[in-house]
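See below for the structure under consideration.
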Amino acid sequence: MATANTQFYKSVLLIGSTPIPAYPGATLRCDKNWAIPPIIGNYWQWNYGIGFRQPVVDINLVVRDKPGEALSASFLNMFMTRSADAAHDTTAITGGIQYWDGRTGFTMNGAKADSFSISCAKGEDIQMSVRFVGTTITPLGSAPTVSAWDSAQILRFKGVNLGGSLADKIWRFGLSFSNNHTPDMSLNGSEFPAAQNAGMMTVGFNCRAQAADAAAIEALDASGPFTQTIVITGSTKTCTFTLNGLLANNPSDRVITVPRNMRDYVWSCLGGDGQSTPPMTITSTF
């Protein structure tokens, strides 16, 4: 008798204790990285030892017109909030990340929000990918209990606006953010890292516009780094990404395209003077 299928919709993802709507393709990776050296006298590989392991979870989120989910302040603050001490570190997520594929699963412990990217173009859903890094994994004995999603609508291109000189000129945009975590490699009697520690916060922004609109866009760089907003609006809620200190990387690039000439721009976000203005701030009522 054939084994029954494992349907994707029986899978579950929880960030902390909160279920998160995600598209198929969410991955948990924690390779064993075996060390299998060639040894004189052996005709083939035989001796082995476990390597360094660090778990990573990558998720493509469903961005819904719903408070408390992907665009909420509570979710985004997992990425943005740093401690005020010398470590200037992110905080591990209470409860970790629970990943269940319909048959088996793991909890990723010591999980921290590492990076995310958001993009959209006319005719598309708002796309958001996130990455979490952790310290160890432990098996789940059974599937976490969650309720079915309600019918909140997916947020799409109509809800995206860019402020200032970029308003009504951008065909496609991409925003990327990273905490650049690195593992604590202390020798602690484990094949896993002792912790994941945040590094320098980095932000990038790219967009596509018509060459006919180039003068207004390229004038933004004339007086040095500038500030730009991206606003995502739902039925009653808004989320505003404010990019600080944008610096153009490729203002002189040109490509002749069909049927109309377009230009692709790439900016780095430097933040402001001193330590009080990060490269990106977020305000959300979701």
Discussion item. Checking the condition farther than 21 Å from S129 by Cβ, β-branched (V, I, T) and either touching a helix residue (DSSP H, G or I) at 6+ places or on another chain (Cβ under 9 Å) or modelled with pLDDT under 95 (or both), which residue from T18, T104, T91 passes?
Written reply: T91
Discussion item. Within the range 115-228, considering only strands (runs of 3 or more DSSP E) that don't extend past its boundaries, which have at least 1 residues that are under 21 Å from D58 (Cβ atoms), free of Cβ contacts under 8 Å to residues at least 60 places away in the same chain and polar (S, T, N, Q)?
Written reply: 136-139
Worksheet item: Hey, among S142, S178, S186, which residue is closer than 20 Å to G16 by Cβ and either under 18 Å from the mean Cα position of the chain (by Cα) or among the hydroxyl-bearing types (S, T, Y) (or both)?
Response: S142
Worksheet entry | Candidate set: the range 255-272, residues that are of a type outside the set (D, E) and in a strand (DSSP E or B); chosen: the one farthest from G245 (Cα to Cα) | M262
Worksheet entry | Failed item, numbered, when I230 is tested on (1) modelled with pLDDT of 95 or more; (2) buried (at least 19 other Cβ atoms within 10 Å of the Cβ); (3) over 27 Å from L155 (Cα atoms) | (3)
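Counting residues that are under 23 Å from T182 (Cα atoms) and touching a residue at least 60 places away in the same chain (Cβ under 8 Å), which strands (runs of 3 or more DSSP E) fully inside the range 1-112 reach at least 3?
It comes to 56-62, 97-100.
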Fill in: Single residue of A113, A152, A73 found to be at pLDDT 95 or above, within 17 Å of C30 (Cα to Cα) and either surrounded by fewer than 17 Cβ atoms within 10 Å (Cβ to Cβ) or under 15 Å from the mean Cα position of the chain (by Cα) (or both)
A113
Item to complete: Any chance you could count how many residues in the range 125-145 are surrounded by 15 or more Cβ atoms within 10 Å (Cβ to Cβ) and either farther than 30 Å from T229 by Cβ or in contact with a Cys (Cβ under 9 Å, 6 or more places away or on another chain) (or both)?
Response: 9
Fill in: Flag for I217 being in contact with a helix residue (DSSP H, G or I) (Cβ under 6 Å, 6 or more places away or on another chain), among the aliphatic types (A, V, I, L, M) and surrounded by 14 or more Cβ atoms within 10 Å (Cβ to Cβ)
no
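The values are calculated or read from the model by the stated rules, or taken from the named source; none is laboratory data. Quick caveat: nothing in here was measured; it's all calculated off a predicted structure. Reconstructed Cβ throughout: ideal geometry from the backbone, glycine too, with neighbour counts over all protein chains shown.
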